[in-house]
1. Determine the distance separating the Cα centre of the stretch 51-87 from the Cα centre of the stretch 120-170; give it in Å without decimals.
2. For the pair VAL133 and GLU80, what calculated FRET efficiency results from E = 1/(1 + (r/R0)^6), where r is the Cβ-Cβ distance and R0 = 41 Å, to the nearest 0.05?
3. I'd like to check one number: the per residue accessible area of the stretch 34-170, probe 1.4 Å, reported in Å² as a whole number.
4. Would you please report the Å³ per residue occupied by the convex hull of the alpha carbon atoms in the stretch 90-196?
5. Report P(r) for the stretch 158-222: all Cα-Cα distances, bin width 10 Å, range 0 to the bin holding the largest distance, values in whole percent.
6. How do 155-164, 81-90, 6-15, 127-136 rank on mean C-beta neighbours within 10 Å, highest first?
7. List every residue whose amide H lies under 5 Å from the amide H of VAL55, counting only residues 5 or more places away in sequence or on a different chain, with H placed 1.01 Å from N in the peptide plane.
8. Defining a contact as two alpha carbons under 8 Å apart and six or more residues distant in sequence, what relative contact order in percent does the chain show?
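The values are calculated or read from the model by the stated rules, or taken from the named source; none is laboratory data. Since this is a predicted model, take the numbers as computed values, not measurements. Backbone-built Cβ (ideal geometry, glycine too); neighbour counts: all protein chains shown. Only protein heavy atoms, including side chains, enter the accessible area calculation; ligands, DNA and RNA are left aside. Shrake-Rupley method; radii C 1.70, N 1.55, O 1.52, S 1.80 Å.
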Amino acid sequence: MTAELHVAALIPAAGMGTRLGEAVPKAFVEIDGVTLLELSADAARRSGVIDRIVVVAPAELSERAQALVPDAVVVAGGAERSDSVRAGLAAAGDAELILVHDAARALTPPELFATVVAALRDGARAVVPGVPVADTLKRVDPAGIVLDTPDRAELRAVQTPQGFRADVLREAHRSSGDATDDAGLVEALGIPVRVVPGDAMAFKVTTPFDLALARMITAQER
């Protein structure tokens, strides 16, 4: 890593994950005795391109998060996802490149972090991994009537880690708005966002089915 381009990985882990139906916030759900948070932080660590890990956790679980990821800077999250990202940005120090990675994408390969950072170092100001869309998609109105069928060749399902020049991400989050996708805030500034190939293993654990799939994959890899 070059000294002039320090990289911080922000891992928002403050979401409750109500669709998952577990008794603890999603990032603290376990797969084979290891939390999603630990798995995500470990992937960032093993990528070899991260200088600092910042975990944004629920205030009441900050001590737990610190114990799980002892080498991370842990800060309390906010009411919305963007509040949590802004809290993470405040703890990112002098990092010039920032990756934002959902703790729920716990099986993301370390190589994907390296791919995103390489694109940033190659000159991109914002980078997201994406995979081609396999299903036919329909755009519908509130009554459920199909409006049109987008050409799926032009579509990508976007994943994390999403990478940004630090100044770009800070500008994007300067307003008090909220977004589920940091790249969307950057796009609103008129800044091009580069898409690099994603990875099927970077799927998001959102539903009980996703959790069962992640546990099955992990068991097969043992």
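1. 26
2. Working: r = 27 Å, r/R0 = 0.66.
Once the sixth-power term is evaluated, E becomes 0.90.
3. On the way: 6040 Å² over 137 residues.
Spelled out: the 1.4 Å probe surface of the stretch 34-170, per residue, equals 44 Å².
4. Working: hull volume 15.7 nm³, N = 107.
Dividing the Cα hull volume of the stretch 90-196 by its residue count gives 147 Å³.
5. 17, 38, 25, 17, 3
6. On the way: 155-164: 22.4, 81-90: 20.5, 6-15: 26.3, 127-136: 16.0.
Sorting 155-164, 81-90, 6-15, 127-136 by mean packing, highest first, produces 6-15, 155-164, 81-90, 127-136.
7. The list, which skips near neighbours in sequence, is ILE11, VAL73, VAL74, VAL75.
8. Numbers: 445 pairs, mean separation 53.1, N = 222.
Result for the chain is 24 percent.
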